[in-house]
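J.: Okay, handing you the structure first.
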Number of protein chains: 2
Amino acid sequence: MHKRVLVVEDEASIRDMVAFALRKADMEVIHAADARAALSAISDTPPDLILLDWMLPGMTGLELARRLRAEERTAEVPIIMLTARGEEMDRVNGLEAGVDDYVVKPFSTRELVARIKAVLRRAQADGGTGSIESGGLRIDGPAHRVYAGDSQIEIGPTEYRLLHFFMTHAERAYSRAQLLDQVWGGSVYVEERTVDVHVRRLRKTLEPFGLDGLIQTVRGTGYRFSASP
Amino acid sequence: MHKRVLVVEDEASIRDMVAFALRKADMEVIHAADARAALSAISDTPPDLILLDWMLPGMTGLELARRLRAEERTAEVPIIMLTARGEEMDRVNGLEAGVDDYVVKPFSTRELVARIKAVLRRAQADGGTGSIESGGLRIDGPAHRVYAGDSQIEIGPTEYRLLHFFMTHAERAYSRAQLLDQVWGGSVYVEERTVDVHVRRLRKTLEPFGLDGLIQTVRGTGYRFSASP
DNA sequence: CGGCGCCGTCACGGAAATGTAACGTTGCAA
DNA sequence: TTGCAACGTTACATTTCCGTGACGGCGCCG
């Protein structure tokens, strides 16, 4: 249940306060001071939630929200807006742009964390992750099930997360450190070789279904999921 | 696939936002600012779904829901309640009155549309009888009864709500927190492990009827209702 | 008031899952 | 070919997670 939150906020004091609160709530925080930084931070891996200041240098938060909604990768990422009291804003416009919630400054960190958790839970409840298919494998996110053709595959929690990450990031090699970050969560201390073991377990559970070679070793780098050998 | 939705809401801004979102999702929207307007709007032709604000001038949404359920013409029309955060509402009473789902304000239009579609899909699936059948189990919503074949199953209130939620959300894994949200209501604090105990009790009452494996454990995540193992 | 049903919590035990070390194997470079 | 580093594989101790029975509390109705 380790979540990544992108905080788009130009005021350093608020940013630090928010970051402190979120880290205490076991979330990973990424910063961006303006819209451009936000977009480039997202281009790598989309976060689980975006905390967006209403007033930003260059581009308003609303404008950024619209752009995020327009892009495939970020269309489903929940957005929470931060607005200063008195800033007259058109709530309807915001909600039409797909903003999930508002928090009015000044706010207590307790309230902010509570709202974030509520939104994350709701986002997860709605389809969140649909179903993905690749290389003869199908993974049903909502049902939390994995299929090879018609037969279901029994799989452990970590193997499930690992496979899910691989399938949503196919055709690309990841280092062990990156996999630990993405699959285990950034704040755990685990030996890198542990990844090898889980890759091995995943390969072994897929093997009886004739699914070999899906997870490929990239020597000196890490692993890659690919439907083509 | 063109559905008519009646929106009963006195606040103009929310009404407009909802109307905008629903029209974009290819639905027809009818307005009503209070309970009386709602009743007269319905007397013409009942809609496919009713979106009901909790707080209305004159009559509470819950009261209106009960009256709608009492009338033959509207007894089968699905109802979704809108409640503001902090408005103390008794989710249990709502469910007894036949409310199909709750959405807490502020909500995102994406979330609202998703929930509406889900409820419509379910309503269509049960053929308008208000009863759901799955995995050899049948649950009669209006009568609050559960059957395995011809024999009725005695079941407690919480177990009933839990089973009802599971059957209306089959083939999907839910965390304990989500189940507490949906079945117990968001405003109560109970331990997550309590869910385990009720799942256990539910399994035990279903077992004598040969209904094993319907409620499945998803390790590290929660539970899932499914007719297939 | 006393019995009954239902509910939430706790504690115990077992099973699954996890991380790590140790050893075997492969591939690359000198 | 040799040597070394990277990777595969296995076994094992530990931790986490879940099933289960029991207990006390609360409300309700006789």
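Read the figures in this text as sums done on the coordinates, not as results from a lab. None of these values were measured; they are calculated from a predicted model. Every residue, glycine among them, receives a Cβ derived from its backbone with ideal geometry; neighbour counts consider all protein chains shown.
J.: With a 10 Å cut-off between alpha carbons and a GNM built on chain B, which of B:Y189, B:Y147, B:Y102 moves the most?
T.: Between B:Y189, B:Y147, B:Y102, it is B:Y189 that shows the largest mean-square fluctuation.
J.: Residue separation times 0.36 nm, minus the C-alpha to C-alpha distance between A:R172 and A:S108: what's the value? Show your work: numbers first, answer last.
T.: Values: separation 64, 0.36 × 64 = 23.04 nm, distance 4.11 nm.
The A:R172-A:S108 span can extend by a further 18.9 nm.
J.: Pick out which of B:A125, B:A12, B:A25 has the largest mean-square fluctuation in a Gaussian network model of chain B, springs linking Cα atoms closer than 10 Å.
T.: It is B:A12.
J.: Note down the relative contact order for the range A:131-225 as a percent, whole number, built from C-alpha pairs under 8 angstrom at least six residues apart.
T.: Numbers: 107 pairs, mean separation 26.4, N = 95.
Value for the range A:131-225: 28 percent.
J.: What FRET efficiency do you get for A:A227 and A:A84 if R0 is 51 Å and r is their Cβ-Cβ distance, rounded to the nearest 0.05?
T.: On the way: r = 49 Å, r/R0 = 0.97.
In this case the efficiency is close to 0.55.
J.: Hey, for A:A75 with labels 7 Å out along Cα-Cβ, what do the inter-copy distances come to in nm, ordered shortest first?
T.: Copy-to-copy label distances at A:A75, shortest first: 4.2 nm.
J.: Let me ask you something else. How tilted is helix B:109-125 with respect to the longest principal axis of chain B? Cα atoms for both, answer in degrees (0 to 90, nearest 10).
T.: Between helix and principal axis, roughly 60 degrees.
J.: Further question on the same structure: Any idea what angle helix A:193-206 forms with the longest principal axis of chain A, computed on alpha-carbon atoms, 0 to 90 degrees, nearest 10?
T.: The angle comes out at about 60 degrees.
J.: What does the charge dipole of the range B:3-125 about its Cα centre add up to, to the nearest 20 debye, if the Cβ of each Lys and Arg holds +1 and the Cβ of each Asp and Glu holds -1? Let's see the in-between values first.
T.: On the way: 18 positive and 21 negative charges, 93 e Å.
Roughly 440 debye, rounded to the nearest 20.
J.: Let me ask something else. Using amide H atoms built in the peptide plane, which far-off residues or other-chain residues are under 5 Å from A:Y102 H to H?
T.: Residues meeting the amide H criterion: A:M81.
J.: Treating the angle as unsigned and between 0 and 90°, give the value, to the nearest 10°, between the Cα long axis of helix B:35-44 and the longest Cα principal axis of chain B.
T.: 90
J.: Distances in nm, one decimal, shortest first, from A:H31 to the same residue in every other copy, taking the label point 7 angstrom along Cα→Cβ.
T.: Label point to label point, same position, other copies: 4.7 nm.
J.: Quick one: give the max-minus-min coordinate of the C-alpha atoms of chain B along each principal axis, largest first, in Å.
T.: Reported extents, whole Å, longest axis first: 51, 35, 31.
J.: Sequence gap at least 6, Cα distance under 8 Å: using those rules, report the relative contact order of chain A to the nearest whole percent.
T.: Working: 318 pairs, mean separation 30.2, N = 229.
Dividing the mean separation by the residue count of chain A yields 13 percent.
J.: Wrap a convex hull around the Cα atoms of the range B:130-220, take a quarter of its surface area, and give that in square nanometres.
T.: Values: hull surface 23.6 nm².
Hull-based average projected area comes out at 5.9 nm².
J.: Now a separate question. Evaluate the distance, in nm, between pseudo-label points positioned 7 Å from the Cα of B:T45 and of A:E71 along their respective Cα→Cβ axes.
T.: About 4.4 nm separates the two model spin labels.
J.: Right, something else. Across the range B:20-27, in residue order, what do the Karplus-derived ³J(HN,Hα) couplings come to in whole Hz, using 6.51 cos²θ - 1.76 cosθ + 1.60 with θ = phi - 60° and x for Gly and Pro?
T.: Coupling constants for the range B:20-27: 4, 5, 5, 5, 5, 8, 6, 10 Hz.
J.: Rounded to the nearest 0.05, what FRET efficiency is calculated for A:R36 and B:K204 with R0 set to 45 Å and r the Cβ-Cβ distance?
T.: Values: r = 58 Å, r/R0 = 1.29.
Calculated value: 0.20.
J.: Still on this structure: Could you pull out every residue, at least 5 positions away or on a different chain, whose amide H is within less than 5 Å of the one on B:V218? Hs are placed 1.01 Å off N in the peptide plane, and Pro or chain starts have none.
T.: B:Y223, B:R224
J.: Could I ask something else about it? Which of the lysines could be linked to B:K24 by a straight reach, that is with a Cα gap under 22 Å, when you skip same-chain ones fewer than 8 residues away?
T.: B:K3, B:K105, B:K117
J.: Looking at the range B:184-229, which trypsin sites (Lys or Arg not before Pro) are in a loop (DSSP not H, G, I, E or B) and have at most 13 other Cβ atoms within 10 Å?
T.: On the way: sites: B:R193, B:R200, B:R201, B:R203, B:K204, B:R219, B:R224; in loops: B:R219.
Loop-located and lightly packed - B:R219.
J.: Another question, if that's okay. Every other copy gets compared here: list the nm distances from the A:E111 label point (7 Å along Cα to Cβ) to its counterparts, shortest first, one decimal.
T.: 1.7
J.: Right, here's the next one. Please quote Rg/Rh for the protein assembly as shown to two decimal places, taking the Kirkwood radius as Rh and restricting both calculations to Cα atoms.
T.: Working: Rg = 23.6 Å, Rh = 24.2 Å.
Rg/Rh for the protein assembly as shown comes to 0.98.
J.: Highest GNM mean-square fluctuation, chain A, Cα pairs closer than 10 Å: which of A:D48, A:D101, A:D181?
T.: Comparing A:D48, A:D101, A:D181 in a Gaussian network model of chain A, the most mobile one is A:D181.
J.: Could you tell me the center-to-center distance, by alpha carbons, between the range A:127-178 and the range B:99-131 in angstrom?
T.: Spelled out, the Cα-based centre of one part sits 28 Å from the other.
J.: Along the charge dipole of the protein assembly as shown, Cβ charges K/R +1 and D/E -1, which of A:Y189, B:G222, B:L51 sits furthest on the positive end?
T.: Of the listed residues, the answer is A:Y189.
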